[in-house]
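Below: the structure, in structure tokens.
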Amino acid sequence: RATPTLSGGRVYSSGATGMLNVLDASDGTVIWSRDAAADLDAQVPTWGFSGSPVVIGNVVVTALQGVLAAYDTATGTPLWNGPSGGDGYSSPHLVTIDGIEQVLLASLENILSVSPSEGRQLWLHEWKGGTRIVQPAQLAGSDLLVSRGNTSGIRRVAVARGSAGWSTEEVWTSNRLKPYFSDFVIHEGNAYGFDGNILASIELEAGERNWKGGRYGSGQLVLLADQDLLLVISEKGEL
């Protein structure tokens, strides 16, 4: 239910029941396997676990029911577990903010950032409710665009690091774009994605809508930035 990750000649795959498998990309041989759900004592949620693993150096991080779990890429040895943010179906997300590499996870109660090497919490932005499925997007600088899921809209969050540590601040929250099942994309000061089942665009300065139109169900889209095009596939398979 999640995209496998390719790194260093290996395939890292996190399954719907919580198994993390690492295969040799050339022949499919299992290098190691961990029952991450058992490691975290996590119960399989309604639609199964669905987070794609992310590899950072010698650490692979996966997400189960709003909790991050990290393993050594060579041996599968558990390294750290992140704090629980409640249920969610999104994936660990690697970003660099103010020169600091960090892993984000959007879940039921918050957007969490941790250090990939040790799992130490860097910051937390509380935004409760919704069903978190889509990934956050980093804007120019340190701002992030995050979705709450369902019909709850989207929020621009400013992340800053000062002498007292990390802080976050809501810049704006808009219901003019409500990504739920499919990821959105950022292009030239605008966000494009599905407002429910209808394609829409908002500008990033204040979250106001540019346009809305095109009923594609729970489709998917890809940005072809050099051509200023959105390639959209509908839920029925139409391109």
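The values are calculated or read from the model by the stated rules, or taken from the named source; none is laboratory data. Because the structure is a prediction, the values reported are computed rather than measured. We place every Cβ from the backbone using ideal geometry, glycine too, and count neighbours over all the protein chains shown. Only protein heavy atoms, including side chains, enter the accessible area calculation; ligands, DNA and RNA are left aside. Shrake-Rupley method; radii C 1.70, N 1.55, O 1.52, S 1.80 Å.
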Item to complete: Would you check if G129 is open to solvent by 20 Å² or more (accessible area, probe 1.4 Å) and closer than 16 Å to L105 by Cα?
Response: yes
Fill in: Sole residue being among the hydrophobic types (A, V, I, L, M, F, W, C), open to solvent by 30 Å² or more (accessible area, probe 1.4 Å) and part of a strand (DSSP E or B), chosen from L223, L144, L199
L223
Fill in: Residues of region 156-171 that turn out to be loosely packed, with under 15 Cβ neighbours inside 10 Å and assigned to a strand (DSSP E or B), as a count
5
Item to complete: Give the residue that is most open to solvent (accessible area, probe 1.4 Å), with candidates limited to residues of region 180-196 that are within 21 Å of R132 (Cβ to Cβ) and part of a loop (DSSP other than H, G, I, E, B).
Response: F181
Item to complete: Just give me the residues in region 58-90 being closer than 23 Å to I154 by Cα, open to solvent by less than 20 Å² (accessible area, probe 1.4 Å) and hydroxyl-bearing (S, T, Y), in sequence order.
Response: S90
Worksheet, complete the sentence: Among strands (runs of 3 or more DSSP E) entirely within region 11-56, at least 3 residues that are in contact (Cβ under 8 Å) with a residue 24 or more places away in the chain occur in 30-35, 54-56
Discussion item. If I ask for residues that are open to solvent by 40 Å² or more (accessible area, probe 1.4 Å) and closer than 18 Å to P78 by Cα, which ones from region 18-43 would you list?
Written reply: M19, N21, L23, V30, I31, S33, R34, D35, A38, D39, D41
Discussion item. Suppose we filter L108, L124 for residues that are within 30 Å of T73 (Cα to Cα), modelled with pLDDT under 95 and open to solvent by 40 Å² or more (accessible area, probe 1.4 Å); which single one remains?
Written reply: L108
Fill in: region 50-87, residues that are in contact with a Phe, Trp or Tyr (Cβ under 6 Å, 6 or more places away or on another chain), at pLDDT 95 or above and among the small types (G, A, S)
A70, G76
Item to complete: Go through (1) without any contact (Cβ under 8 Å) to a residue 12 or more places away in the chain; (2) at positive phi one by one and return the number of the condition G214 breaks.
Response: (1)
Worksheet, complete the sentence: When restricted to K212, K236, the only residue over 19 Å from the mean Cα position of the chain (by Cα), exposed (fewer than 12 other Cβ atoms within 10 Å of the Cβ) and basic (K, R) is K236
